[in-house]
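Participant: Dropping a structure here in structure tokens format, bear with me for questions.
The values are calculated or read from the model by the stated rules, or taken from the named source; none is laboratory data. The structure displayed is predicted, hence computed values, not measured ones. Reconstructed Cβ throughout: ideal geometry from the backbone, glycine too, with neighbour counts over all protein chains shown. The area values use the complete protein model at the heavy-atom level, side chains included, leaving out ligands, DNA and RNA. Shrake-Rupley method; radii C 1.70, N 1.55, O 1.52, S 1.80 Å.
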Amino acid sequence: MDAPEQARRLAGLYDDVLGGNRPGTEPRPLVAASWERSLAAAVDPELDAPPVVVDHDTLAILRENHPLRAVLPVLRQTLTSIADEASHIMIITDAQGMILWREGAADVKRTADRIALSEGAVWSEDQIGTNGMGTALAVGGPVQIHSAEHLVRRIHEWTCAAAPVHDPDTGKLLGAVDVSGPLRTVHPAMVALVTAAAQLAEGQLKVRMAAADEMLRARNMRHLMALGDAPGALLTPTGRVLAVQPLEWLPDRLVVPDGADRIDLGDGREGIVERLDEGYLLRMPGTPVRRARQSLRLKLLGSGQPIAVVGGREIALTLRPAEVLALLLLQPTGLTAEQLMLQLYGDEGNPTTVRAEMHRLRNLLGGGVLDTKPYRIIADVTGDVTEVQTALRNGDLPKALELYAGPLLARSDAPALRSERDELDATIRRAALDTNDAELLWRFAQTPTGAEDLELFEVLQRTLARTDSRRAVVAARLARLVD
């Protein structure tokens, strides 16, 4: 059956069901259940459009903080080009059905604006009735809604397919991926397409979670090791068990209520939880409290002199000690002398030189900061470069720009650090250019990396409002960069 004929059949079925007549055929069970939920929520089938509940500034904040921002590039790569070619639009919502992002064919977007199929509008079933994204969120699985299967009559000229995206950590709904378009563009592969895109997004989130787990484990294992032979475990902020030392049995996840210092282990035992900077340390009653650790703060970004702050004591670093500490910060599980040699000097290095450098560095920083076999940081360490990396992984560009003072150890020629520096600069630059947010672009333009970026200033010139006084600065900088 072709799309127009199917639409006519569904329209007749729709009129019969909502008119109280006995239809010749029944709606699909999925659709019938959705109509029932929608009508129970008092959705008017003659509604014009769903509510647009947020303004542009609020929407920008919601986007910045939403977990799906991190996988937006892969969703764009998977769906947007297909949507453009097929006269569709790609839509990403949050768990409540609010449209966070919408991309695709310009003419379809203009048509979609007439029914508020646009960013900031809520397309949940209880607001606009049966529709692809709202129904996918309601049932927790992929759906396709065609023509008069939509409860609201004004949407009958549309067809849409959507699939939900779940958090691989907690299993909670994060939102939905949707492809919508006019009736003439309906295609049976749409459901398979959005399902694959949602699964790909969940896979990317799982990879990011595994990387974050490994970093958390490496940075915090010392807290578990400080218990000695006593039983204990390291937990993520959501209660997943990352590492255990002699403990009879633990589930994969424990419930840690906010503010709790004791929790039920699920078998009648009670454990003590201590809040760490990231996650929790679980220990059994009667085990000693973990020893206090030395603190280390590393400032390695920008054109200024690198700084190490050890227990409140500020130490100015020359280039080589800063390079060593940067490498150990970025490799929290540690490096052998040979590995450090290769990352600092390449094939021309000598492990003996590295060992002598490490001896001087340990004397400079004092006890409780560095360990050997392998060389690693054992202090409670934080660093501007890793905080920027974390913010970018979390999709928090404003935080990343707040912390980003410039390239990582700009004077360093160490092979591993050149690679890290280039990757960080490229990542934050791409993230800034992809925002089309004038304020974030301007903030990046104030960094040493952004200040010499011709493309950035060209984008800024197009993005800043005509009345914005900063346009003169941008024009002057463009003139200098072009010369």
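Participant: Give me a count of the residues in segment 430-451 that are surrounded by fewer than 20 Cβ atoms within 10 Å (Cβ to Cβ) and under 30 Å from GLN339 (Cα atoms).
Facilitator: 0
Participant: Do you know which of the residues in segment 218-235 that are hydrophobic (A, V, I, L, M, F, W, C) and without any contact (Cβ under 8 Å) to a residue 40 or more places away in the chain is farthest from ASP380 (Cα to Cα)?
Facilitator: Across segment 218-235, the extreme among qualifying residues is MET225.
Participant: Related question: Which one is nearest to LEU193 (Cα to Cα), of the residues in segment 117-156 that are out of contact with any helix residue (DSSP H, G or I) (no Cβ under 8 Å at 6 or more places or on another chain), open to solvent by 10 Å² or more (accessible area, probe 1.4 Å) and part of a loop (DSSP other than H, G, I, E, B)?
Facilitator: GLY141
Participant: Filtering segment 430-459 down to residues that are part of a helix (DSSP H, G or I) and acidic (Asp, Glu), which residue is nearest to LEU403 (Cα to Cα)?
Facilitator: Filtering segment 430-459 for residues that are part of a helix (DSSP H, G or I) and acidic (Asp, Glu), the one nearest to LEU403 (Cα to Cα) comes out as GLU439.
Participant: Pick out the one residue from PRO188, PRO168 that is part of a loop (DSSP other than H, G, I, E, B), open to solvent by 40 Å² or more (accessible area, probe 1.4 Å) and closer than 27 Å to ALA210 by Cα.
Facilitator: Going through PRO188, PRO168 in turn, just one is part of a loop (DSSP other than H, G, I, E, B), open to solvent by 40 Å² or more (accessible area, probe 1.4 Å) and closer than 27 Å to ALA210 by Cα: PRO168.
Participant: Can you tell me how many residues in segment 363-379 are touching a strand residue (DSSP E or B) at 6+ places or on another chain (Cβ under 8 Å) and part of a helix (DSSP H, G or I)?
Facilitator: 2
Participant: Still on this structure, I have one more. Return the total of residues in segment 438-483 being in contact with a Leu (Cβ under 8 Å, 6 or more places away or on another chain), more than 20 Å from ALA410 (Cβ to Cβ) and not β-branched (Val, Ile, Thr).
Facilitator: Summing the residues that are in contact with a Leu (Cβ under 8 Å, 6 or more places away or on another chain), more than 20 Å from ALA410 (Cβ to Cβ) and not β-branched (Val, Ile, Thr) in segment 438-483 gives 12.
Participant: Still on this structure, please answer the following. Suppose we keep only residues that are out of contact with any helix residue (DSSP H, G or I) (no Cβ under 8 Å at 6 or more places or on another chain), of a type in the set (Asp, Glu) and part of a helix (DSSP H, G or I) within segment 403-424. Which one would you say is nearest to HIS66 (Cα to Cα)?
Facilitator: The extreme case among them is GLU423.
Participant: Then there is this: Under the condition of being of a type in the set (Val, Ile, Thr) and modelled with pLDDT under 95, which residue from segment 176-194 is nearest to ALA243 (Cα to Cα)?
Facilitator: VAL194
Participant: If a residue has to be surrounded by 12 or more Cβ atoms within 10 Å (Cβ to Cβ), under 27 Å from THR386 (Cα atoms) and either touching a strand residue (DSSP E or B) at 6+ places or on another chain (Cβ under 6 Å) or at pLDDT below 85 (or both) to count, how many in segment 257-295 make the cut?
Facilitator: 12
Participant: Consider THR78 carefully, then state whether it is hydroxyl-bearing (Ser, Thr, Tyr) and either surrounded by 23 or more Cβ atoms within 10 Å (Cβ to Cβ) or under 29 Å from ARG208 (Cβ atoms) (or both).
Facilitator: So THR78 passes the test.
Participant: Another question, then. Can you report the number of residues in segment 203-239 which are charged (D, E, K, R), open to solvent by less than 50 Å² (accessible area, probe 1.4 Å) and within 19 Å of the chain's Cα centre (by Cα)?
Facilitator: Here the count works out to 1.
Participant: Tell me the residue from THR386, THR382, THR427 that is within 19 Å of LYS299 (Cβ to Cβ), part of a helix (DSSP H, G or I) and polar (S, T, N, Q), please.
Facilitator: THR386
Participant: Further question: Give me the residue from segment 405-419 that is open to solvent by 10 Å² or more (accessible area, probe 1.4 Å) and within 25 Å of the chain's Cα centre (by Cα) and, out of that set, farthest from GLY302 (Cα to Cα).
Facilitator: SER419
Participant: Can you find, within segment 363-403, the residue that is farthest from VAL310 (Cα to Cα) among those that are among the basic types (Lys, Arg) and surrounded by 15 or more Cβ atoms within 10 Å (Cβ to Cβ)?
Facilitator: That would be ARG393.
Participant: Out of segment 348-362, which residues are loosely packed, with under 15 Cβ neighbours inside 10 Å and among the aliphatic types (A, V, I, L, M)?
Facilitator: ALA356
Participant: Taking the conditions exactly as written (at pLDDT below 85, more than 16 Å from ALA176 (Cβ to Cβ), more than 23 Å from the chain's Cα centre (by Cα) and buried (at least 19 other Cβ atoms within 10 Å of the Cβ)), does ALA105 satisfy them or not?
Facilitator: Spelling it out, ALA105 is indeed at pLDDT below 85, more than 16 Å from ALA176 (Cβ to Cβ), more than 23 Å from the chain's Cα centre (by Cα) and buried (at least 19 other Cβ atoms within 10 Å of the Cβ).
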